[in-house]
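First up is the structure itself, then whatever we jot down about it.
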Amino acid sequence: FIAERCYVALGDAARASFIRSAIELGDPGSAQVRARIALLSGNFRVAEALLLVAGLVDDAINMYVALKKWSLAIAIAESRGHHDLQSLRDRHYQSLLSSGQDIRAGELRERDADYVGAIRLYLKGGAGPRAADLIRSQVLTHDTALVEEVIDSLLSRGQYEAAGDFLRHLSQPDRALR
């Protein structure tokens, strides 16, 4: 209660509210309350450890999701064999798409071996050279429509050097000179 009143006196309504919500959880010695206090201090790993030791895996995952630290939430879910892992990954992917983080979403698709999906996201995010590199590294040059899409994107964005390198790789150096 004292900390809450201090934050109110300082005019820090957000911290006062955070303290109030921790108090409402119940026993001040409980893992949940101690984890919230650790969060208030910025000690995310301490908060995580307190929750995990108490067996509150969902709370630890939800804490990181609320903080938009998806990779840490997913790492906990993976290490604990969480039943909702795929749903968590899907929510992360949707979060990236809805916030315009196409390149980051492409990285997730690439990690999942969805190379065409990754390339399309890289192009959407303006990372044509990365899309070209992925086509080269995964030997996707047989997909002429996708290759042309990458070339068009590189040229339309003025990424001429990357377009030239890609065309040379495709054994089309004469086209690179146009």
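The values are calculated or read from the model by the stated rules, or taken from the named source; none is laboratory data. Only a predicted model underlies this, so the values are computations on that prediction, with no experimental measurement involved. For neighbour counting, all protein chains shown are included, and Cβ atoms are generated from backbone atoms with ideal geometry for every residue, glycine included. To get the accessible areas, we keep the full protein, side chains included, count just its heavy atoms, and leave off ligands, DNA and RNA. Shrake-Rupley method; radii C 1.70, N 1.55, O 1.52, S 1.80 Å.
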Seminar exercise, completed: Taking the dipole of the stretch 30-98 about the Cα centre (Lys, Arg +1; Asp, Glu -1; charges at Cβ), the one of TRP70, ALA38, ALA49 that reaches farthest to the positive side is ALA38
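Would you tally the net charge around GLY106, using a Cβ to Cβ cut-off of less than 9 Å, leaving GLY106 out, and scoring K and R as +1, D and E as -1?
Its environment carries a net charge of +2.
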Seminar exercise, completed: Simple spin-label estimate for VAL53/ARG168, 7 Å along Cα→Cβ, in nm, reads 5.8 nm
Seminar exercise, completed: In degrees, nearest 10, the alpha-carbon axis of helix 31-40 is tilted away from the dominant principal axis of the alpha carbons of the chain by 60 degrees
For this session: Can you work out the accessible area per residue across the chain, with the rest of the protein chains kept in place, probe 1.4 Å, in square angstrom?
Result: 58 Å²
Problem set entry | Top positive-direction residue, dipole computed over the stretch 86-178 with Cβ charges, set PRO129, ILE103, ALA145 | ILE103
Problem set entry | Burial ranking of peptide ranges 82-94, 4-16 (average Cβ count within 10 Å, highest at the top) | 82-94, 4-16
Problem set entry | Computed magnitude of the charge dipole of the chain (debye, nearest 20; Cβ of K, R +1, Cβ of D, E -1) | 420 debye
Seminar exercise, completed: The ³J(HN,Hα) series, computed from each phi in the stretch 150-165 with the Karplus coefficients 6.51, -1.76 and 1.60 at θ = phi - 60°, rounded to the nearest Hz and given as x for glycine or proline, is 5, 4, 4, 5, 4, 5, 5, 8, x, 8, 5, 5, 5, 5, x, 4
